[in-house]
Amino acid sequence: MRVGTARWGSLAARHVPKGAWEMQAKKSETNSPTTATVGQVQFMTVAEVAKLMRVSKMTVYRLVHSGELPAVRVGKSFRVPEKAAHEYLRNAYFDAG
């Protein structure tokens with residue numbers, strides 16, 4: 001590793017689909033009240049997502065690293081879009097009986 005390079009510097013690109021911010025901005029141009037621009041996206045910390053899902057922080061980190069839960073890297077920490085956390089829970093639900 002070269003001096004001055006971050007070990008995890010390229011992780012953010014893996015966790016946010018390529019062009020996701022541009023797609024979101026294009027959606028907002030439709031003037032629909034249900035779409036949000038990048039500035040309006042609400043982010044949650046890993047701890048907040050873990051509390052919402054009632055799982056450990058390590059479980060959330062595993063979901064982020066596997067790509068199942070989209071996240072943005074901010075410095076040394078991850079932020080998960082609030083909609084992504086709720087969408088993950090909505091898609092994970094199944095009827096047990």
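Considering only the range 45-97, state which residues are aromatic (Phe, Trp, Tyr) and assigned to a helix (DSSP H, G or I). Quick ask: steps written out before the conclusion?
Within the range 45-97, the first condition is being aromatic (Phe, Trp, Tyr), and the residues that meet it are 61, 78, 88, 93-94.
Tyr61, Tyr88 - these are the residues of the range 45-97 that are aromatic (Phe, Trp, Tyr) and assigned to a helix (DSSP H, G or I).
Count, please, the residues in the range 48-73 that happen to be without any contact (Cβ under 8 Å) to a residue 12 or more places away in the chain and exposed (fewer than 13 other Cβ atoms within 10 Å of the Cβ).
Here the count works out to 4.
Look through Ala50, Ala36 and report the one residue that is at pLDDT below 70, aliphatic (A, V, I, L, M), out of contact with any Cys (no Cβ under 8 Å at 6 or more places or on another chain) and more than 18 Å from Gly75 (Cα to Cα). Break it down into steps so the answer makes sense when it comes.
Numbers: Ala50 fails: at pLDDT below 70.
So the residue among Ala50, Ala36 that is at pLDDT below 70, aliphatic (A, V, I, L, M), out of contact with any Cys (no Cβ under 8 Å at 6 or more places or on another chain) and more than 18 Å from Gly75 (Cα to Cα) is Ala36.
The values are calculated or read from the model by the stated rules, or taken from the named source; none is laboratory data. In this text, all values refer to a predicted model and were calculated from it rather than measured experimentally. Here Cβ is always computed from backbone atoms with ideal geometry, including for glycine, and neighbour counts include all displayed protein chains.
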